[in-house]
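Comments concern the structure below.
Coordinate-derived values only; no laboratory data. Because the structure is predicted, anything quoted here is derived from the model rather than measured. Cβ placement follows ideal geometry from the backbone for every residue including glycine, while neighbour counts extend to all protein chains displayed.
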Amino acid sequence: MKVLIIGAGIAGLTVAYQLNKHDIEVTILEARSRIGGRILTVYPSNRPSVPLDFGSIWFWDEHKHIKKLVRELRLKHYLHTTKGLAIYDNGPGKTPRQYTVPAESPKYRLVGGMQSLIDKLQKQLPEDAIHLNTIVTELSADNEGIAISTTQNDKISYYDADYVINTIPPILASTSITYHPNLPVDVWQALRSMPTWMGRDLKIFLVYDSPFWKKTGLSGISTSELGIVNEFYDASPEGSPFGVLVGVLNPESVGYNMFKEDRKQAIIDQLKRMYGWQGIEIKYYDEIHWAYESYTTHQPTINNHITDYSAYGHPQLQEPTLHGRLFWGSSEVSTVSGGNMDGAVYRANEIAKTIIKTIEIK
C-alpha cells in the first residue's frame, strides 16, 4: 500500500506520522525548499535565542487534537498569559487610550517555537519520505491507482500510489494541479470558495532587549483602525529576557503595500506614539507577507480575496474523489477548528483512520 501526500505542512506531516505507525508506505512531496508550510520559526541573527513564529503561534484550550499530538510527541509547551492593559491607537495626532483586555480562553505556545512540532514529526518518518522542491502538476486516477506527475528543478518525475492526500490550501489545489478525470463541478467550486488561512496576512516582528511595556502595567496588546499596524500582541518567549511584539496588517492598512523600509519607519512612528521613546528601541525587525510567499495562495486572488470563512469544512470535500483515490486534507477542509493548526491535525487524523480502516477491510 502506497500513500502519497502533497504538502509537508502540519497536516501532511501528521497524516504521514499516523500512517507510518501502521507500516503504510508514505511519500511527501513538498514544493518549497523547507518543511512546515504555514508554520515557520525564525531566529534573529543578533538574538539567536529568540524564536519568532512567522506563521501560527498559539493554540487554545479547546484545541484538543493538537494538544493530544503535542503530548504524544512529548513536546514542551507553556501557558501564554496576558496581563495588563491594552492600548487603542487613535491614529496620528491623537492620544492613545488604554483599556482592559477582555478575558479569553487560555492559549499555549511550544518551547522553541511551533517549528519544534514540525521537526519532531519529521523525525518520526523514514529519512527518504520527504521530497523537497517537488511541484505536483498532474494527478491521473483510475480504478487501479493514481499517477502523479511532478517537476523538480525543471525535471519531470513520476510517482504512483494507491491514494493521494492533498493538504495544500484548496484554492491553490484548484489552480495549480491538473486532474484526470476532471474534478466534478461541485468539488471544483468548493475548492475555489474557501479562503486560504493567513493567505493575506502581513506579519511584522519587533524584538526588544526587554518587554518594557510590562513595567508600566501594559499587556503588549494594542489595536488600531488608523495606524499602520492594526493589531499588536506580546509574543515574548517564556524564560527569555527579551521582549517581542508581533503585529498584523490587514489589506486595508495604509502600510500593506508600502516598501519594507517605509513600512518599518511608519511602524516605528506608531510605536513611539503608543509607547513613547521606548517603542523605538528596536533591536531586530523583520516581516513576512504570506500573500507573496510561494505555494501559499493563488496569486490572482490576492487583491480580490475570498473572505467567507464559513465555507471551511465544505461538505463536498469530506469524501475522496477521483475514483475514491484523492483525499482533501488541508486545515480549511476540516469540519473542526477550520483554518487552525488544530483543524489540520483533526483532518489528518480523520483521513488516516479512513485509509487504515480501508486496508483492514481489504
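Below, the figures for the structure above:
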| item | result |
| --- | --- |
| Between the range 323-346 and the range 155-191, the alpha-carbon center distance in angstrom | 14 |
| Proximal lysines relative to Lys357, as straight alpha-carbon distance under 17 Å, when same-chain residues fewer than 8 apart are discounted | Lys2, Lys21 |
| Relative contact order (percent, whole number), the range 1-149, Cα cutoff 8 Å, 6+ residue spacing | 28 |
| Net charge of neighbours whose Cβ lies under 9 Å from the Cβ of Ile204, counting Lys and Arg as +1 and Asp and Glu as -1 | +1 |
| Mean separation of Cα contacts under 8 Å (6+ apart) over length of the range 6-65, as relative contact order % | 28 |
| The chain, relative contact order in percent, only Cα pairs under 8 angstrom and at least six apart counted | 21 |
| Within a Gaussian network of the chain (alpha carbon springs, distance under 10 Å), most fluctuating of Thr100, Thr196, Thr134 | Thr100 |
| Along each principal axis, Cα extent of the range 63-107, largest first, Å | 51, 19, 16 |
| Radius 10 Å from Cβ of Pro106, net charge of other residues (Lys, Arg +1; Asp, Glu -1) | -2 |
| Sparsely packed GluC sites (Glu not before Pro) within the range 250-281, loop by DSSP, other Cβ within 10 Å at most 11 | Glu252 |
| Proxy reagent accessibility, fewest Cβ within 10 Å first, across Ser330, Ser140, Ser210 | Ser210, Ser140, Ser330 |
| Within-13-Å neighbourhood charge of Arg325 [Cβ basis; K, R +1; D, E -1] | -4 |
| Helix 341-361 axis, angle to the chain major axis (alpha carbon atoms, nearest 10°) | 10 |
| The chain - charge dipole about Cα centre, Lys and Arg +1 at Cβ, Asp and Glu -1, debye rounded to 20 | 1100 |
| Choice from Gly329, Gly113, Gly84 showing the highest fluctuation, given a GNM over the chain with Cα pairs closer than 10 Å | Gly84 |
| Modelled FRET efficiency - R0 25 Å, Gln265 with Ser210, Cβ distances, 0.05 increments | 0.65 |
| Cα-Cα P(r), the range 95-157, percent of pairs per 10 Å interval | 14, 21, 25, 16, 13, 9, 1 |
| Those trypsin sites (Lys or Arg not before Pro) in the range 1-70 that DSSP places in a loop and that have at most 16 other beta carbons within 10 Å | Lys21, Arg34 |
| Degrees separating the helix 10-20 axis from the principal Cα axis of the chain, which is the longest one | 40 |
| Estimated dipole of the range 157-241 in Debye, rounded to 20 [Cβ of Lys and Arg +1, of Asp and Glu -1, Cα centre] | 240 |
